[in-house]
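Student: One structure, pasted below without further comment.
Bear in mind these aren't lab numbers, they're just calculated from the coordinates by the rules spelled out. What you are looking at is a predicted structure, and each value in this text was computed from that prediction instead of being measured. Every residue, glycine among them, receives a Cβ derived from its backbone with ideal geometry; neighbour counts consider all protein chains shown.
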Amino acid sequence: MIELVIAHIGEFFSGFKITLVIALGAMLGGSLLGVLTAIFRLSRVGPLRMLSLSYIELIRNTPGLVQLLLVYLGLPEFGIRFSPLGATILALTINNGAYLAEIFRAGLQSVPKGQLEAAAAIGLPRTATLIEVVLPQALLAIYPSLTNQFIQTVLFSSIGALIGTVELTQVALILNTQTYRTIEILAALSLMYVGISAVIASASHRLGVRLERRYH
């Protein structure tokens, strides 16, 4: 197995880079969508709450594969086309947005109301209150959940292989058709995902410790 990986290290590294692009793109886009959805979810405006809740429930209760196929195969019927990579990032962004919305909502609700009232009492603008008071505490509260979601996004990016996105799993499938060393390739692929997840978790833990020291 080791010699197989070494012999095709270039292909695996290229696939890893695409996997990373997908995961980072989906997390960034999903975070923006998630924050907006969380704000709507906490809004006093009924239609906004209903819209955000409907989106969250729809995404969380339908298969990710169906969401991907709707983006890649469904949207072209309306003249909207994406490359396999673009479709994968968009589908995972939409999927991530629903899960991140609940994470962000929990974080925002974890900030004591007394601090918000104190900020208002001293005349701190809402934007400044959000940036200086709410976000630091909310991020500390949800940091572990964000890390877990990022790891899940890395793993879930493998779904892109089903539409031809040449990420890590697709590279393994291509090599399998060339070498027919299925067990070795899939074992190596599994270990790669385990390694990636471990590195993310370790780096996240170290950053989390620094954030704790800074804001406590």
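Student: Given charges of +1 on the Cβ of Lys and Arg and -1 on the Cβ of Asp and Glu, with all other atoms neutral, how large is the dipole of the chain about its Cα centre, in debye to the nearest 20? Mind dumping the intermediate values first?
Tutor: Working: 14 positive and 10 negative charges, 138 e Å.
With Lys and Arg at +1 and Asp and Glu at -1, about 660 debye.
Student: For Ala7 and Leu32, calculate 0.36 nm times their separation in residues minus their Cα-Cα distance, and state this gained length in nm to one decimal. Intermediate values should be presented prior to the final figure.
Tutor: On the way: separation 25, 0.36 × 25 = 9.00 nm, distance 4.00 nm.
In short, 5.0 nm is gained.
Student: Moving on to the next point. When only C-alpha pairs under 8 Å and at least 6 residues apart count, what is the relative contact order of the chain, in percent? Intermediate values should be presented prior to the final figure.
Tutor: Values: 216 pairs, mean separation 62.3, N = 216.
This gives 29 percent for the chain.
Student: Here is a follow-up. Quick one: grab Rg to one decimal and Dmax as a whole number for the stretch 39-148, Cα atoms only, in Å.
Tutor: 17.8, 55
Student: Calculate, for Tyr180 and Thr62, the FRET efficiency according to 1/(1 + (r/R0)^6) with r their C-beta to C-beta distance and R0 35 Å; round to the nearest 0.05. Let's see the in-between values first.
Tutor: Values: r = 36 Å, r/R0 = 1.02.
The value I calculate is 0.45.
Student: Roughly speaking, what % of Cα-Cα pairs in the stretch 116-202 are separated by over 18 Å, rounded to a whole number? Kindly include the intermediate steps, with their values, before the conclusion.
Tutor: Values: 2312 of 3741 pairs.
Every Cα pair in the stretch 116-202 considered, those over 18 Å come to 62 percent.
Student: To continue, here is another question. Counting only helical runs of four or more DSSP H residues, what would the 222 nm mean residue ellipticity of the chain come to if each run contributes -39,500 (n - 2.57) and the total is spread over all its residues?
Tutor: Values: 10 runs with 168 residues, N = 216.
Calculated from helices alone, the mean residue ellipticity at 222 nm is -26000 deg cm²/dmol.
Student: Here is a further query. Roughly how far apart, in whole Å, are the Cα centres of the stretch 68-94 and the stretch 133-205?
Tutor: A separation of 21 Å, based on Cα centres.
Student: Can you give me the orientation-averaged projected area of the convex hull built on the Cα atoms of the chain, in nm²?
Tutor: Working: hull surface 58.9 nm².
Result: 14.7 nm².
Student: Here is a follow-up. Using a Gaussian network model on the chain with a 10 Å cutoff between Cα atoms, which of Leu146, Leu124, Leu186 fluctuates the most?
Tutor: Result: Leu124 has the largest fluctuation of those listed.
Student: Using the basic label-point model (7 angstrom from Cα toward the beta carbon), what is the Ala106 to Arg49 distance in nanometres?
Tutor: Taking the two extended label points, one gets 2.1 nm.
Student: Can you tally the net charge around Ile2? Count Lys and Arg as +1, Asp and Glu as -1, for every other residue whose Cβ sits under 15 Å from the Cβ of Ile2.
Tutor: Numbers: positive: Arg181; negative: Glu3, Glu184.
Charge balance near Ile2 sits at -1.
Student: Starting from 0.36 nm per residue, how many nanometres of slack lie between Ile39 and Ser190 once their C-alpha separation is accounted for?
Tutor: Numbers: separation 151, 0.36 × 151 = 54.36 nm, distance 3.76 nm.
Gain on extension, Ile39 to Ser190, equals 50.6 nm.
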